[in-house]
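The structure under discussion appears below in the form of structure tokens.
The values are calculated or read from the model by the stated rules, or taken from the named source; none is laboratory data. Please read these numbers as outputs of a predicted model, since none were measured by experiment. Glycine also receives a Cβ, built like all others from the backbone with ideal geometry; neighbour counts cover every protein chain displayed. In case anyone asks, the SASA skips ligands and DNA or RNA and just uses the protein heavy atoms, side chains included. Shrake-Rupley method; radii C 1.70, N 1.55, O 1.52, S 1.80 Å.
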Amino acid sequence: MLILSLALLIFGMLLYHNLYLKISDDTDDILRSRAKGIEQSIDTYWEAEGMDIAEGNSRIRLIKEDNINFIKIARRWVGEKINDPDLINIIVRIFDAHGNPIASTRNVPTEHLNARIFYNAKKGADHFENAYVEVNEIPALFRIITTPVIENKRLSYIVQVASPLVQMHAVLRNLRFSLLFLLPLTVLLTGLSGIFLVQLTLRPVDQMIETIHQITAENLKLRLKIPGTKDEIESLAKTFNQMIARLDEAFSSQRQFMEDISHELKTPLSVLKGELEVTLKRIRSTQEYETTLQSSLEEVNHLVGIVENLLTLARFDAKTTTLMAVDLDLNLLIKDAVDVIQVLAVQKDITLQFNSAHSVEIFADKNQLKRLVLNILDNAVKYTPQGGKISVDLSQQKDSADIDIADTGIGIPEAELPHIFDRFYRVDKSRSSVGFGLGLSIAQSIAMAHGGKIYAKPNLPQGTIFTISLPIKPK
């Protein structure tokens, strides 16, 4: 409202000023035209009287300056034109070449022409002024033009025309009244309308704020009501709901993570605690102490493995893991990983076969990438029954190198596939003794850190195919 008031105030002042100048200019033009018309009319009277006289054999035109006949004609012109409709609202005064009044159309004081105005008239310049003139002893403000009539480079007489400024002041007064009344009214109505519209517009925002105040970490299922305004408010509400959904997912994931890690740590700690308590109940033999210590060491190693894997995942999540990327032949890297896992495969009589048609050059961290392949191969061996088969195929696509690791193991139900890369997730919940449930999460983090991806699908009729897709080195 303040800005609108200032804008309208400036607009009103400019409008008033421009209108004042326009009316003043128009009044001056009319006065100048009237003065010129009066001069021509008086000259016509002068010509009609035939003031030319013969002197000798030549005809000499009498000049108007200091001519008694001209004074008579000027007064006669005034007497005849005093009721002329074109002159009824104006005052016409005629002065001689010395500034003395000759005639006037109204009953106004006939004083000598002002010295400054007379000086300008002798120079042939028109003079405009605003002055109070007593008409029938009542003063009124007039706009006055004093224009000289120059003949033969000499001042012949002076015409003065005065027009009342009552109408001009009435127009400006009406404009002032309109501006002083309408502008504040406009600001008031606009302000009230603005307040109403703002309240109407922000009502959904107030409702959103009220709902947001109710949302806590324990109440992330609550959602904002979508106002249906099809504007930025609706977009804001949808964005908030999406943000809350992500927070809910993150909180749920963290809660599940804490529950899972508590469960994973609880089992080895409980075993370790139980074995130590049993051992300390009485004196044991050296062999029994060694057995207890050996079992405790296994549980400690179990705990260390969980912590190390969690730290690895945390570093990948925080993007603080620095990849020592080098140019390497992916074919040789996979062959090394297969050779390492071959020992475990032989123990279970599993056929492990690697198929590669040619070498594939990539730019990657050799150790991390080898760890990725080993994790998938280790899982394949764990969940493939004795006498099964595992095949590793390397192929080069347009922009990527794909590693397919297929096994004939127990397989993964399709409903479980979207979750197998979650931390501590196991397809078979009863097989808690096998691994920590972090291997696939680490594998996925390594693949993503290299700009690649990993996914799984059923290997019909039985088993699972894991595909690792990595960007190839540009040529």
**Message:** Any residue that is open to solvent by 70 Å² or more (accessible area, probe 1.4 Å), of a type in the set (A, V, I, L, M, F, W, C) and either more than 30 Å from L19 (Cβ to Cβ) or assigned to a helix (DSSP H, G or I) (or both) - is there at least one of those in the stretch 212-231?
**Reply:** no
**Request:** Scan the stretch 424-440 and give yes if some residue there is in contact with a Leu (Cβ under 9 Å, 6 or more places away or on another chain) and modelled with pLDDT of 85 or more, otherwise no.
**Result:** no
**Message:** Conditions first: (1) over 56 Å from the mean Cα position of the chain (by Cα); (2) exposed (fewer than 12 other Cβ atoms within 10 Å of the Cβ); (3) in a loop (DSSP other than H, G, I, E, B). T320 passes all but one, so which condition is the exception?
**Reply:** (1)
**Item:** Only listed residue being in contact with a Gly (Cβ under 7 Å, 6 or more places away or on another chain) and closer than 30 Å to P268 by Cβ, chosen from I350, I341, I376, I306
**Value:** I350
**Item:** Residues satisfying the stated conditions in the stretch 329-345, i.e. β-branched (V, I, T) and closer than 16 Å to R371 by Cβ
**Value:** I334, V338, V340, I341
**Message:** Return the residues of the stretch 334-388 that are over 50 Å from the mean Cα position of the chain (by Cα) and of a type in the set (F, W, Y); say none if nothing qualifies.
**Reply:** F354, Y383
**Asked** Residues that are over 18 Å from Q462 (Cα atoms) and open to solvent by 40 Å² or more (accessible area, probe 1.4 Å): which strands (runs of 3 or more DSSP E) entirely in the stretch 334-421 hold 1 or more of them?
**Response** 351-356, 361-365, 389-396
**Candidate set: the stretch 75-103, residues that are out of contact with any Asp or Glu (no Cβ under 9 Å at 6 or more places or on another chain) and among the acidic types (D, E); chosen: the one farthest from A140 (Cα to Cα)** = E80
**Request:** Output the qualifying pairs, or none if there are none: Cβ atoms under 8 angstrom, residues six or more apart or on different chains, first residue in the stretch 173-200 and within 17 Å of L2 (Cα to Cα), second residue open to solvent by 100 Å² or more (accessible area, probe 1.4 Å) and of a type outside the set (D, E, K, R).
**Result:** V187/M1; T190/M1; G191/M1; G194/M1
**Prompt:** So which of L197, L179, L189 is farther than 19 Å from D231 by Cβ and out of contact with any helix residue (DSSP H, G or I) (no Cβ under 9 Å at 6 or more places or on another chain)?
**Reply:** L189
**Message:** Considering only the stretch 70-79, I want to know if a residue exists there that is within 21 Å of R32 (Cβ to Cβ) and of a type in the set (D, E, K, R).
**Reply:** no
**Asked** Which one of the conditions (1) modelled with pLDDT under 80; (2) in a helix (DSSP H, G or I) does T291 fail to meet, given that it meets all the rest?
**Response** (1)
**Message:** Being crowded, with 17+ Cβ neighbours inside 10 Å and either assigned to a loop (DSSP other than H, G, I, E, B) or on the phi > 0 side of the Ramachandran plot (or both) is the filter here; which residues of the stretch 94-105 pass it?
**Reply:** A97, G99, T105
